[in-house]
1. I'd like to check something: does the stretch A:32-41 contain any residue that is touching a residue at least 60 places away in the same chain (Cβ under 8 Å), more than 16 Å from DNA strand B (Cβ to nearest atom) and small (Gly, Ala, Ser)?
2. From A:GLY499, A:GLY509, grab the single residue that is within 16 Å of DNA strand C (Cβ to nearest atom), over 23 Å from A:HIS346 (Cβ atoms) and touching a residue at least 60 places away in the same chain (Cβ under 8 Å).
3. Given A:ILE113, A:ILE97, A:ILE42, A:ILE102, which one is away from DNA strand C (no atom under 16 Å from the Cβ) and under 20 Å from A:LEU9 (Cβ atoms)?
4. Among the listed residues A:ARG519, A:ARG533, identify the single one that is within 14 Å of DNA strand B (Cβ to nearest atom), in contact with a helix residue (DSSP H, G or I) (Cβ under 6 Å, 6 or more places away or on another chain) and either in a helix (DSSP H, G or I) or among the charged types (D, E, K, R) (or both).
5. All but one of (1) on the phi > 0 side of the Ramachandran plot; (2) modelled with pLDDT under 90; (3) within 16 Å of DNA strand B (Cβ to nearest atom) hold for A:GLU205; state the number of the condition that does not hold.
6. Residue by residue through the stretch A:105-154, note down the ones that are away from DNA strand B (no atom under 16 Å from the Cβ), surrounded by 15 or more Cβ atoms within 10 Å (Cβ to Cβ) and within 19 Å of A:HIS179 (Cα to Cα).
7. Just one of the numbered conditions (1) more than 24 Å from A:ALA243 (Cα to Cα); (2) touching a residue at least 60 places away in the same chain (Cβ under 8 Å); (3) within 16 Å of DNA strand C (Cβ to nearest atom) is not true of A:GLY127; which one?
8. Looking at A:LEU165, A:LEU157 in this structure, which one is out of contact with any Phe, Trp or Tyr (no Cβ under 6 Å at 6 or more places or on another chain) and within 16 Å of DNA strand C (Cβ to nearest atom)?
Amino acid sequence: MSLEFLNELNPQQRQAVCHTQGPLMIVAGAGTGKTRTLTCRIAYLVREAGVDPANILALTFTRRAAWEMKQRIAHLLGEKEFMLPEIGTFHSVCAKILREEISVLGYDRDFVILTEEEQIDLLREAGAKSRPEANACLKQISAFKNRRCAETGAPPLFSEYQAALKQRNATDFDDLILHVLRLFETTPQILNRYMDRFRHILVDEYQDLNPPQYMLVRILTGPDQNLCVVGDADQAIYAFRGAQVENFLNFQKDYPRAEILRLEQNYRSSPVIVKAAEQVVSRNTLRMEKRLWSDAETGERIRIMEVGDEKQEARWIASRIETLLGGTSMFHHDTDRIQAGEDPGHYSFSDMAVLFRLRAQARPLQATFEQAGIPCRLLSGERLDRRPDMRQVRSLLRFLAGPEKDAVLPGMLKASLISLSKTREQSSLQDLIRELSGICHLDEITLRSLKAMALPYLNLTWGTSLPSFLHDLCLGRESDLFDPRAQAVTLLTMHAAKGLEFPVVFICGLEEGLMPYARDGSPSADEIEEERRLFHVAMTRAMKELYLLHARTRILYGSPLPGEPSPFLQDIEEALFQADVLKKKSRPPKKENQQLGLF
DNA sequence: CTGGTGCGATTTTTT
DNA sequence: ATCGCACCAG
């Protein structure tokens, strides 16, 4: 029985880990080791406090976070010694519960989870005139569901939509949570069973809970109130999808016995970066008392660059990337010898990320990087579930998996599949996928993803594996497959960057109007605070070097924007940065290949 | 039914 | 600037 992991924790972390009874709120700033603390706490509960892992539930928002936590717990608890606690996203845990209990609500246990595309189709059948209308409708319905408390009347087509779902034995993502909530509210026996089972509940990113998720946690928390939540009000950036920071700020009101612990030592970034990020976010009013610090080496000053336009911005970043690769050649990525931090200034492509507010900003960056021969990947670029061929696969699999019910299939395919399912009942998922790729004309990316996703199920016969495979598919397990070790610069939105870290970070488009983003008119005070948090999140992704860029003018959605520097830049004290201006470079009219000369 | 054309909208995103 | 969609013509 080893608890040596305790030695690697700082006093605050250890305090959080060793607190095992009653409600606990851990206020964990960016990069303060919150996942480590959470996982150690679970290990401690099991190894030291004698809690049965079966009595522990850990809830996260993303599958990545759940996966990460599982890995670390498995490591801390030892492979075979203990079973794993229930660790999963809100949605996956709810889906699991519903697989057991949903008959109470009048659905079949083999209900399907609709993707966005399928929701749209459903709405159009339910009476939406056009696609945009269905889109708007869906947005309203989802917003309505995510703010469950404000009973401001259901949006148009709401009841039609819900009826159609039920009629097809289907749910959408929002309903996964809402159904479980309803189950618990209306059926005390079921609630008591789960309450009795999950005696210790841990919630990650508590500041991001929307009302249904918040209520779910509240209702499921038993009389012992062994509820541990972790979060950071300064990283609340999802108000637009119903998250309410107030849940976090009010924790002690909801659970008066709650203890509050703060993790304030940042292990990720240089003191310069931590300080600057703090200075920016401390202008907010809606936050929790907390100060982040780092005792790492002071580090480079932040560079603030003023450039002419988005093209110049991209080019400057590209050339900077080349410099950071270690000087003269940019072919280091072929060799694996270069480790981040081994030799200051020598980074690999995957050590660097470019962050922006709007997806629309990615294009010029991609174009320029391609010209410069810099490999890059756009994170959360294409969603696999939006591919038409993947969609087809999904309905085919559904058809094969269940009683044929409402399979919406082109007749021709239906015919070939019936024969397929007859002849293939003894064969493997692998074979099935091969067959499917023929029938659906899958493109290479889709096929590769499908194969990767099927990997865990390959040794089962498809009769047993298909339902679980399909279930995974519906919960969107597909987007896991991006390779985090890809030798490429990462391009991503500031939102998508949350939870990630990179030695070198470029944040671009830091102009008034873009950051904070003013869609139409000027943003409200609340919105500005949220944008400021977003900028804070972006800054704290950087470990060693941080570059902040703003352009004097920028073409966005086809028309030019004026470019005052973002007011957020004013909040950083001068000692922490070095500012440079890139003068307009007179370019001969020839556009092609012109840029190559720069490198 | 299919391909061309023109119009409008275009934060941020997970599951 | 770009993309997707609705609509229309063949």
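The values are calculated or read from the model by the stated rules, or taken from the named source; none is laboratory data. Everything quoted here is computed from the prediction, not taken from an experiment. Note: ideal-geometry Cβ built from the backbone for every residue, glycine included; neighbour counts use all protein chains shown.
1. Yes; the residues of the stretch A:32-41 include at least one that is touching a residue at least 60 places away in the same chain (Cβ under 8 Å), more than 16 Å from DNA strand B (Cβ to nearest atom) and small (Gly, Ala, Ser).
2. On the way: A:GLY499 fails: within 16 Å of DNA strand C (Cβ to nearest atom).
Only one candidate qualifies: A:GLY509.
3. Details: A:ILE113 fails: under 20 Å from A:LEU9 (Cβ atoms); A:ILE97 fails: under 20 Å from A:LEU9 (Cβ atoms); A:ILE102 fails: under 20 Å from A:LEU9 (Cβ atoms).
After applying the criteria, what remains is A:ILE42.
4. On the way: A:ARG519 fails: in contact with a helix residue (DSSP H, G or I) (Cβ under 6 Å, 6 or more places away or on another chain).
Only one candidate qualifies: A:ARG533.
5. The number of the failed condition is (2).
6. A:LEU105, A:TYR107, A:ASP110
7. Among (1) more than 24 Å from A:ALA243 (Cα to Cα); (2) touching a residue at least 60 places away in the same chain (Cβ under 8 Å); (3) within 16 Å of DNA strand C (Cβ to nearest atom), A:GLY127 violates only (2).
8. Working: A:LEU165 fails: within 16 Å of DNA strand C (Cβ to nearest atom).
Step by step, each of A:LEU165, A:LEU157 is checked, and only A:LEU157 is out of contact with any Phe, Trp or Tyr (no Cβ under 6 Å at 6 or more places or on another chain) and within 16 Å of DNA strand C (Cβ to nearest atom).
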